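I am attaching a structure below and will ask some questions about it afterwards.
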Amino acid sequence: MSDGGATYLLDAGEVRRSVTRIAHERNKGAAAVVLIGIAARGDDLARRLAAEIERIEGPPAVPVGTLDITFYRDDIGLRAEAPEVHETQIPFDISGRAVVLVDDVLFTGRTIRAALDALVDFGRPQSIQLAVLVDRGHRELPIRPDYVGKNVPTRRDEDVAVLLVETDGEDGVVVREREGKPA
C-alpha cells in the first residue's frame with residue numbers, strides 16, 4: 001500500500017500481531033522482568049507489550065519505564081537540528097532484573113548503544129534483551145535484537161517511520177525516500 005510517496009510496510013493489524021508475537025516470545029515469568037522503552041515510541045510499545053504480557057500470563061503487571069538517550073548519543077553535536085529531550089522515568093530498581101529494552105526501529109545500532117550506556121546509570125541488570133518492532137538492517141555496531149516484529153530490508157537513503165495511535169493517531173509502519181538529508 002502506498003500513500004503520498006510513503007509505502008506502508010505494516011498496517012494497524014500487523015503492528016498489533018507483531019506486539020503479540022513479541023510478548024509470546026519473550027522470557028516467561030514476568031516477576032523478574034522489567035520493560036524499558038526508549039523515548040519516543042519505544043516507551044509506547046513497551047506499555048503495549050506489558051499489557052499483552054499481563055493478558056497472556058496474568059498479574060502481576062510487568063513494570064515499565066521510559067529512557068531518554070538524548071545526551072548519550074554520539075552524534076549530539078553533529079546534527080543540525082536541536083535534539084528533542086524526553087523525560088526518563090524508571091521508578092523501580094533494575095539491579096538483578098532482566099531488562100527488556102524496547103525500541104521502534106533498529107537501524108545502525110547507535111541508539112541502542114546510547115541506551116545501554118544510559119541504563120548503567122540506573123543499576124546493574126542481570127541481563128539486557130532487545131525488542132524492536134522493525135529491524136531494517138544497516139548495522140554499524142555489533143548489536144542484534146532478541147525479539148523482532150518484522151525484518152524489513154531497506155536502502156540507507158530511505159526513512160522508516162513507526163506510527164502509533166498514542167503519538168500519531170494511527171498504527172502503521174511506513175517507508176519513504178529521505179528528503180534533503182545526506183545518505
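The values are calculated or read from the model by the stated rules, or taken from the named source; none is laboratory data. What you see is a predicted model; the values in this text were computed from it and never measured. Positions of Cβ are backbone-derived with ideal geometry, glycine not excepted, and every protein chain shown enters the neighbour counts. For the accessible areas, the whole protein counts, side chains as well, though only heavy atoms, and no ligand, DNA or RNA atoms are used. Shrake-Rupley method; radii C 1.70, N 1.55, O 1.52, S 1.80 Å.
Condition check: β-branched (Val, Ile, Thr), in a helix (DSSP H, G or I) and within 25 Å of Arg155 (Cβ to Cβ). Does Ile112 satisfy that? Walk me through it before giving the result.
Details: β-branched (Val, Ile, Thr): yes; in a helix (DSSP H, G or I): yes; within 25 Å of Arg155 (Cβ to Cβ): yes.
Yes: the conditions hold for Ile112.
Then there's this: Scan region 118-126 and give yes if some residue there is buried (at least 18 other Cβ atoms within 10 Å of the Cβ) and basic (Lys, Arg), otherwise no.
Looking for residues that are buried (at least 18 other Cβ atoms within 10 Å of the Cβ) and basic (Lys, Arg), one finds none in region 118-126, hence no.
If you don't mind, there's one more thing I want to ask. Could you figure out which of (1) part of a loop (DSSP other than H, G, I, E, B); (2) open to solvent by 40 Å² or more (accessible area, probe 1.4 Å); (3) farther than 25 Å from Val15 by Cα; (4) modelled with pLDDT of 95 or more isn't true of Arg139?
(3)
Output the number of residues of region 80-109 satisfying the condition of being part of a loop (DSSP other than H, G, I, E, B), of a type in the set (Gly, Ala, Ser) and open to solvent by less than 80 Å² (accessible area, probe 1.4 Å).
3
Moving on to the next point. So which pairs qualify, if the first residue must be in region 129-140 and within 17 Å of Leu45 (Cα to Cα) and without any contact (Cβ under 8 Å) to a residue 40 or more places away in the chain, the second must be open to solvent by 20 Å² or more (accessible area, probe 1.4 Å) and of a type in the set (D, E, K, R), the Cβ gap must be under 8 Å, and the two must be at least 6 apart or on different chains?
Partner pairs satisfying both residue conditions: Leu130/Arg144; Leu130/Asp146; Val132/Asp104; Asp135/Lys150.
Let me ask something additional. Give region 45-64 a look and list any residue that's surrounded by fewer than 22 Cβ atoms within 10 Å (Cβ to Cβ), closer than 20 Å to Leu163 by Cα and not aliphatic (A, V, I, L, M), or say none.
Scanning region 45-64 gives Arg47, Glu52.
Taking the criterion of being touching a helix residue (DSSP H, G or I) at 6+ places or on another chain (Cβ under 8 Å) and at pLDDT 95 or above, would at least one residue in region 74-87 satisfy it?
no
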